[in-house]
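Right, one structure below, let's go through it.
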Amino acid sequence: MAGAGSAALWLGGCGGSSNTAKPVPGDEWKQFAGTTLNFISENTAPTSAIAAKLDPFTKLTGIEIKITQLELAAMVQKVALDFASGEGAYQIVYADPYQVMAPYNQALADLTEFQQDPNLPHAEPFDDFVSFQLDASGRFGDREKLFALPYDAPTMIWMYRKDLFEKYGEQMKQDLGFDPNPRDDSTWDDFYKTSEWLKKNADKTGVPYGHGHMAKQHDSLMNDFSNLLWAYGGQYFEDDAKVGSLGSAEPGEPQLTSDEALAGADMYRKLVSIAHPASLGWDWTGLAEGFMAGGMAMAPLWHEFASGIEVSDIKGKVGYARLPRGPKRSANMFGGTGIGVNGVAPKREQKAAWLFVLWATQKDTQLANLKSKVGGGTPTRDSVYALPEVEKARKPPSKLPNMLPMDAVFEAWKPENVGLRPKIAAWNECDTTIFTQLSKMLAGQQGPEKCMSNTKEGFEKAIENAKKSLRRA
Amino acid sequence: MATTTVDERPREASAPRAKRKESRYSFEARMMTPALLVLALLSIFPFVYLILMSLSAVGLIGGISLDFVGLDNWTRLFTDSAVGASWLRSVVYFILTVGLEMGLGIAIALLVHELVWGKNIALSLILMPMFMAPVIVGLLGRFLTDSTYGLYAWVLRETGLYSGDILGTTTAAFLAVTLMDVWQWTPLIALIVLAGLASVPGQILEAAKVDGATYLQRLRHIVLPTIAGVIIVALLIRSMDAIRYFDIITNTTNGGPADATKIVPIRLYETGFRFFDLGYAAAIGLSMLAVSILLANVFLRILKRRGLAR
């Protein structure tokens with residue numbers, strides 16, 4: 001009650017777009033009671049979980065949250081137009097690091113200002129976030145500014161039908177001359193041969209194809225291919241690690257015509273040639289559905305699909321491992337995103353939005369998301385993984401199916417294994433260039449050399465266009 | 001005297017008429033002003049703004065800003081091989097969809113016209129697809145052609161006709177999105193042609209029949225010439241729509257695979273709302289508008305030549 005009273009007093013003085021009056025000590029969470037905020041997000045598991053259980057936040061702050069969930073491309077479009085309108089209608093933004101943060105970071109609020117504001121509640125320690133994710137999901141260009149807090153963390157891993165590997169593993173080993181089970185030193189070449197064996201023995205196993213890909217002309221194709229590019233030693237730019245982690249306005253020259261990049265493209269083409277034929281029309285959802293329907297024995301997939309797999313017809317039959325190695329390393333695409341505050345919105349609404357960002361990424365909320373029946377998601381804080389109940393859930397039978405692949409995911413998150421695509425302002429156009437050129441390669445219209453040289457050319461044009469835009473801005 | 005009287009009458013009569021004419025003109029102008037203002041607001045202002053955008057680099061952050069770049073976007077448009085390829089695809093798609101829709105629509109209308117009973121039920125069933133939102137047709141098409149659970153994919157696979165992924169291979173995907181559009185809009189042509197068939201004089205057909213003309217002869221020499229105007233109107237309506245085809249492709253292939261279904265509207269959307277290169281998108285959009293106007297004029301000229309339009 002006292003809180004409500006002080007909130008009313010506080011609101012009484014809040015007519016304008018900003019307010020410098022101090023809230024009653026201990027009542028920082030209530031100072032924006034009565035405000036309504038809009039949160040725009042991709043239709044992802046954590047947002048579904050949060051949408052289903054917003055009461056705790058509303059009770060804590062008195063702030064009403066309206067959530068809009070959209071397919072990623074549609075969401076990016078709405079966010080960009082909102083930034084352009086200058087209205088700031090969506091105060092809380094799902095700040096995809098590549099499609100929102102890199103091109104529009106000037107329109108996102110710097111969260112360090114809120115973290116340093118004595119009148120606002122502070123985030124639980126930032127160093128509790130999984131080490132690389134604060135940079136990858138929250139920053140652009142330098143470490144001085146923070147545009148988002150890590151919110152989700154899907155990562156590509158190797159999913160395989162362990163029931164088939166248990167049953168036919170010995171025979172496969174004899175026929176192939178190596179252990180087909182995922183090992184530390186499993187290579188993409190081993191993966192190819194295993195898939196070929198599984199396809200040849202489809203009558204025996206009852207599963208028609210060895211593996212599948214998400215090779216539709218879509219963002220999924222870039223994600224899928226990048227694992228091979230990096231594994232074979234190829235890079236998008238000279239310093240891919242930095243460009244992927246912090247991002248850069250000056251990424252340098254594209255490196256896509258290197259011998260390593262060509263080898264990666266060639267191997268990808270080879271893999272798709274024996275994969276489930278529907279791979280060419282599948283994005284990640286299509287591939288996951290095909291895998292769950294028993295269409296193939298292996299697939300490189302986002303680990304968060306485990307929550308669906310573990311309630312499907314193949315529950316309990318799937319094993320999870322980090323992706324195979326190439327001549328250089330194992331590379332596992334990280335697709336994590338942060339949530340940030342719209343810098344175009346009025347200052348008071350920005351501060352209220354900060355409260356939501358804090359709440360949505362704090363330990364208790366992440367645990368609740370993980371347990372949610374409608375969501376799932378993956379925590380981005382180390383402290384959540386350290387909880388006994390979460391740790392226990394990493395072994396079957398598990399009440400938290402998203403935890404089952406976590407051993408593989410932790411491997412994938414190691415600096416030597418993680419794959420981070422370039423975080424550059426021109427990424428939307430570069431992404432479209434690469435998945436279009438790869439699609440042409442897979443359709444047999446061009447070879448890997450032509451594919452990679454066309455992609456490089458497209459990257460150069462896109463970067464030049466983006467530079468011109470930035471100069472004008 | 002008589003001459004004077006005759007001379008004055010017209011002067012007296014024409015003066016008030018001129019006054020009335022003037023006042024009527026200003027009344028019309030006053031009445032039309034609000035409508036013209038609304039039209040200006042809704043059409044003319046955006047059109048002029050679009051032209052300005054096509055001559056500018058459009059910035060988004062911190063509010064929309066236009067930076068004049070002259071004819072850069074237009075030069076790029078005419079030298080961009082990717083846009084050229086999209087135009088080529090659009091032409092093939094246009095010929096296929098409109099051609100199939102016209103052929104099938106006329107055939108269905110002729111069949112339904114001959115029905116003695118069950119005409120209303122048949123017509124209701126035939127018209128159903130065109131009452132669906134194109135986005136739903138796209139989703140339905142995607143569902144039916146999905147390799148994992150799609151009925152059409154399953155039928156084609158089981159009958160051995162096609163085992164690949166329908167939306168994952170270039171030719172199949174192009175044909176699939178074409179057929180989805182044909183499925184939805186053939187009924188519209190059938191409906192328009194059916195309305196035209198009602199105007200074919202029964203006595204002439206009877207007379208031709210008595211004179212021994214076969215069905216095909218009656219069709220060629222009586223029916224088709226009579227309904228030619230209606231057919232051209234149907235063609236005009238569908239052509240205008242086919243140029244803007246977007247929803248079904250967005251929901252099925254989104255331009256892929258290998259750009260096989262990336263027709264001009266998809267490229268326009270991608271340029272405008274994925275790359276936010278709004279200046280260039282405006283140039284592409286205006287080029288689409290020019291083609292639409294050109295096409296509409298061709299059809300209107302045909303109608304005029306036949307004396308069916310003023």
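Backbone amide hydrogens, once placed in the peptide plane, bring A:Ala293 within less than 5 Å of nothing, excluding anything fewer than 5 places away on its chain.
Normalising by the residue count of chain B, find the relative contact order in percent from Cα pairs under 8 Å and 6+ residues apart.
Values: 291 pairs, mean separation 75.2, N = 310.
That works out to 24 percent.
Taking amide H as placed 1.01 Å from N in the peptide plane, the amide H of A:Ile67 sits under 5 Å from that of A:Phe39, each at least 5 places away or on another chain.
Backbone geometry of segment B:63-80 corresponds, through the Karplus equation with coefficients 6.51, -1.76 and 1.60 at θ = phi - 60°, to 3J(HN,Hα) couplings of x, 6, 10, 10, 10, 4, 10, x, 9, 3, 5, 6, 5, 4, 4, 7, 10, 7 Hz, x marking Gly and Pro.
For a quick check of your reading of the filter: which GluC sites (Glu not before Pro) in segment A:84-185 sit in a DSSP loop and have no more than 10 other Cβ atoms within 10 Å?
Numbers: sites: A:Glu87, A:Glu113, A:Glu144, A:Glu166, A:Glu170; in loops: A:Glu87, A:Glu144.
Passing both the DSSP loop test and the Cβ count: A:Glu144.
Backbone geometry of segment A:390-402 corresponds, through the Karplus equation with coefficients 6.51, -1.76 and 1.60 at θ = phi - 60°, to 3J(HN,Hα) couplings of 6, 4, 4, 6, 6, 10, x, x, 10, 7, 10, x, 5 Hz, x marking Gly and Pro. Over 30 Å apart at the Cα level, from the set A:Lys216/A:Lys392; A:Lys66/B:Lys262; A:Lys328/A:Lys467; A:Lys162/A:Lys371, are A:Lys216/A:Lys392; A:Lys66/B:Lys262; A:Lys328/A:Lys467. Of the residues in segment A:57-89, those shielded by at least 30 Å² of accessible area once partner protein chains are present, compared with the chain alone at a 1.4 Å probe, are A:Gln77, A:Leu81, A:Ala84.
The C-alpha atoms of chain A define a longest principal axis, and helix A:347-360 lies at about 50 degrees to it. A Förster radius of 30 Å combined with the Cβ-Cβ distance from B:Val210 to B:Ile121 puts the calculated FRET efficiency at roughly 0.40. Listed values for segment A:282-288 are Karplus-derived 3J(HN,Hα) couplings in whole Hz (6.51 cos²θ - 1.76 cosθ + 1.60, θ = phi - 60°), namely 9, 9, 5, 5, x, 5, 4, and x replaces Gly and Pro.
So which trypsin sites (Lys or Arg not before Pro) in segment A:115-211 pass both tests, a DSSP loop state and at most 12 other Cβ atoms within 10 Å of the Cβ? Sparse-neighbourhood loop trypsin sites (Lys or Arg not before Pro): A:Arg143.
Which value, in debye to the nearest 20, describes the size of the charge dipole of the protein assembly as shown about its Cα centre when Lys and Arg Cβ atoms bear +1, Asp and Glu Cβ atoms bear -1, and nothing else is charged? Intermediate results must be reported in sequence, preceding the final value.
On the way: 76 positive and 80 negative charges, 567 e Å.
Using only the charged Cβ atoms, the result is roughly 2720 debye.
Placing a label point 7 Å from the Cα of B:Ser81 along the Cα-to-Cβ direction, the residues of segment A:419-458 whose backbone N falls under 11 Å of that point are A:454. Other residues with beta-carbon under 11 Å from the beta-carbon of B:Leu55 carry, at +1 per Lys or Arg and -1 per Asp or Glu, a net charge of -2. Per-residue ellipticity at 222 nm from helix content only, as computed over the protein assembly as shown with -39500 (n - 2.57) for each DSSP H run of at least four residues, stands at -17500 deg cm²/dmol.
Chains B and A together bury some 2500 Å² of accessible area, summed over both sides, with a 1.4 Å probe. Rolling a 1.4 Å probe over the protein chains gives A:Asp189 an accessible area of about 60 Å².
Measuring nothing but protein heavy atoms, the accessible surface of segment B:161-220 at 1.4 Å probe radius is 67 percent carbon and sulfur. The residues of segment B:130-153 occluded by other protein chains by 20 Å² or more of accessible area, set against the chain on its own, are B:Ser147, B:Thr148, B:Tyr149; surface from heavy atoms, 1.4 Å probe. Judged by the gyration tensor of its Cα atoms, with axes a ≥ b ≥ c, the protein assembly as shown is oblate; a/c meets the 1.5 cut and b/c is at least as large as a/b. Put simply, the amide H of A:Gly419, placed in the peptide plane, has neighbours under 5 Å in A:Asn332, A:Met333, A:Phe334, leaving out anything fewer than 5 places away on its chain.
For segment B:34-153, give the percent of accessible area contributed by carbon and sulfur heavy atoms, probe 1.4 Å, rounded to a whole number.
Working: 5630 of 7200 Å².
Looking at segment B:34-153 in its full context, I get 78 percent from C and S.
The values are calculated or read from the model by the stated rules, or taken from the named source; none is laboratory data. Every value quoted in this text rests on a predicted model; they were computed, and no experiment measured them. Heads up, the Cβs are rebuilt from the backbone with ideal geometry, glycines too, and the neighbour counts pull from every protein chain shown. Each accessible area value is taken on the protein alone, full model and side chains, heavy atoms only, with ligands, DNA and RNA left out. Shrake-Rupley method; radii C 1.70, N 1.55, O 1.52, S 1.80 Å.
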